[in-house]
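Coordinate-derived values only; no laboratory data. Quick caveat, the model's predicted, so the values are computed rather than measured. As a convention, Cβ positions derive from the backbone with ideal geometry for all residues, glycine included, and neighbour counts pool all protein chains shown.
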Amino acid sequence: MKKYIPYIFSGLIIVFIILFLFKILEGRGIEVFDDLSYYDNMSHNEYDYPVIKDIDELEEDTREKCLEFLKLCQEEGLPVMIIETYRTQERQDFLYAQGRANDNNVVTWTRSSYHTRRKAFDIAKNEKGNEFGDDDFFKRCAEIGEAVGLEAGYFWTDYQDKGHFQN
Ligand SMILES: [Zn+2]
């Protein structure tokens with residue numbers, strides 16, 4: 001009997017390791033898509049979650065920095081247009097769900113966002129057909145944004161968000 005003890009013991013350890021790994025995977029699944037029924041009940045029409053471009057919808061400090069940013073960009077002749085400011089939680093969830101459903105088209109990685117807290121805005125180049133293509137434009141804008149105290153998504157290394165600013 002005694003000689004079987006090491007085998008029983010290592011068998012138990014393996015079982016515990018497997019259970020532990022399942023626990024981690026299960027945890028991950030919940031984190032990515034916690035409540036499926038919530039997303040199933042969402043509308044698939046983007047027009048039900050309209051984009052807000054109004055600077056006045058931003059929190060005061062962000063709004064002031066945004067205005068300062070726009071002024072400096074204008075002085076340098078950079079054709080900046082604001083494409084989104086405040087985002088409702090419903091719209092954030094919609095964008096999140098959209099990315100997960102298609103999985104080739106992830107729009108946002110998070111359900112929590114500086115946009116929903118009125119502390120972020122997105123820009124594009126006001127040039128038809130080349131709204132997102134000019135990297136030099138976004139780089140310069142990002143530098144100006146950082147100079148007025150904003151954090152520019154352009155400089156994010158894990159996931160670049162070219163036209164995004166927050167504070
Ligand atoms: Zn953004």
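Computed from the C-beta positions of Asp158 and Ile8 and an R0 of 41 Å, the FRET efficiency is 0.35 to the nearest 0.05.
Approximating the spin labels as points 7 Å out from Cα along Cα→Cβ, the Glu143-to-Tyr39 distance works out to 4.0 nm.
Taking label points 7 Å from Cα along the Cα-to-Cβ direction, Glu64 and Glu90 give a separation of 3.3 nm. In straight-distance terms, cross-link reach from Lys128 covers every one of the lysines whose alpha-carbon lies under 23 Å from its own, apart from those fewer than eight places away in the same chain; here that gives Lys53, Lys71, Lys139, Lys162.
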